Each structure stands twice: as C-alpha cells, then as structure tokens.
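What follows is a set of notes on a single structure, which appears directly below.
The values are calculated or read from the model by the stated rules, or taken from the named source; none is laboratory data. None of these values were measured; they are calculated from a predicted model. Cβ: placed from backbone, ideal geometry, glycine included. Neighbour counts: every protein chain shown.
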Amino acid sequence: MKSISEVSSYFLRRDNACRSGTVITAVMEGTRPFLVEVQALTSTTRYGYPQRSVNGMDSRRLPMLLAVLEKRCGMDLGNQDVYVNVAGGASLTDPGADLGVCLAVASSRLEKPVREGITVSSEIGLGGELRPVTHFDLRLREVLCLGFSGLAGAAEDASNAGKGAEGFSSLIDSIGSLLSSRKEKGGDWL
C-alpha cells in the first residue's frame, strides 16, 4: 500500500478546470479537507420526462438543488436532461458540495465556465441562500496550498476567513459573479 501525500491531486485534472459544467469543490471527509471535481451536463430532453442522473452523491439531493435553481434563480431546467458526476469515483456526503453542484449545472446550462482559479464550498438553502459550512478555514488553506486563487462560499464564512475567500449571500449572486462572461459554445458557425 502506498500513501498519497496530496489526496486532492488524485481527484483533480487541471486541464478540465476551465470547461463549462466543471467546478472544483472543497469538501470535508472527517477532519480532512480535499478538493473534488464536480461535473454536470445539461441537454435538451428527447423524451417526455427529463432524465436526472447522479454519480457520487445522494441522488435525492439533486432534484432539490435543481428546484432551487429553477425557483430562486429563474433557470429553466424543465426541458433539460441533467447529469451530475463527481470525478475520480469520490462519494460526497458533505453539504458543502451543494454550491459546486449548482454552479456546475448552471455553467453547463449557460455554457459558461467558472472563473479560472476559483473553487467553491457552501450549502444551499431552499430559499436560494448560501449557508456556512464547517471548517471553511481548513478548506481555504487546502485550496491555496494547491495553487488555486480562492474559495467562494457563504458571506459569513468568507468574512471570517481572510485573504482568498469570496463570499455571497445568495445562489443567484454567486452564479452571476463566478461564471465567466466568455461563452464556451456558439459563434458564427451556429
């Protein structure tokens, strides 16, 4: 058996970091922070009822997060198949992954990647609010040690964390600020 000095590096591929539908999320497993890549793909449904598929997290949590995106952010997902995957085979139970899932879905739907160098960690409430997570300071330290520029999350967490932390009070504000203005797909050929 061989130990891995940086567990997060096992779950990350830096070459995918600037693609739409991909978000790096800081989560806790016990008392250890690590980063995982959350991927989402949205596609117009070809059936009467849109597909919802998730790999690497509680499948009951995805419909709730999609409902928040629709109701609180005005994102039309009713005619979209939505697929969410946690890369590297990780299995997430930390509610701090909520923001990563929502941003990955929004990023895929809007075809805009997340700003380069940003990672996220926050629970999402049913009102669309960003809620604090445990050990935000440890998550931020892990993010900065791995060379990322910052960690975005709940305003309450960010105000207590210091340099490198970016805070938001609502999901809609975080989507507006964290997604790049560059549209990944489209142009003259479409």
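Remarks
- Within the range 103-113, the residues that satisfy the criterion of being assigned to a helix (DSSP H, G or I) and not charged (D, E, K, R) are Leu103, Ala104, Val105, Ala106, Ser107, Ser108, Leu110.
- In the set (1) of a type in the set (D, E, K, R); (2) at pLDDT 95 or above; (3) over 18 Å from Asp173 (Cβ atoms), the condition left unmet by Arg109 is number (3).
- Residue match in the range 114-128 (condition: in contact with a Ser or Thr (Cβ under 7 Å, 6 or more places away or on another chain) and more than 23 Å from Cys18 (Cα to Cα)): yes
- Filter result for the condition that a residue is farther than 22 Å from Leu65 by Cβ, within 15 Å of the chain's Cα centre (by Cα) and either touching a residue at least 60 places away in the same chain (Cβ under 8 Å) or not in a loop (DSSP other than H, G, I, E, B) (or both), over Glu116, Glu142: Glu116
- In summary, Ala104 fulfils each of the numbered conditions (1) at pLDDT 95 or above; (2) more than 11 Å from the chain's Cα centre (by Cα) with the single exception of condition (2).
- For the range 121-142, the condition holds for no residue, the condition being that it is more than 18 Å from Arg61 (Cα to Cα), touching a helix residue (DSSP H, G or I) at 6+ places or on another chain (Cβ under 6 Å), of a type in the set (Ser, Thr, Tyr) and surrounded by 24 or more Cβ atoms within 10 Å (Cβ to Cβ).
- Note on the range 58-108: among residues that are among the charged types (D, E, K, R) and under 26 Å from Glu29 (Cα atoms), the one that is surrounded by the fewest Cβ atoms within 10 Å (Cβ to Cβ) is Arg60.
- Hits in the range 40-94 (condition: touching a Gly at 6+ places or on another chain (Cβ under 8 Å), part of a strand (DSSP E or B), polar (S, T, N, Q) and more than 12 Å from Arg109 (Cα to Cα)): Asn85
- Residues that are touching a helix residue (DSSP H, G or I) at 6+ places or on another chain (Cβ under 9 Å) and free of Cβ contacts under 8 Å to residues at least 60 places away in the same chain were ranked within the range 56-73; the one that is farthest from Asp173 (Cα to Cα) is Gly56.
- Of the criteria (1) part of a loop (DSSP other than H, G, I, E, B); (2) modelled with pLDDT under 90, which one Tyr10 fails: (1)
- Cross-chain or 6+ apart pairs with Cβ under 7 Å, the range 147-164 first and among the charged types (D, E, K, R), then part of a helix (DSSP H, G or I) and modelled with pLDDT of 95 or more: Asp157/Phe136
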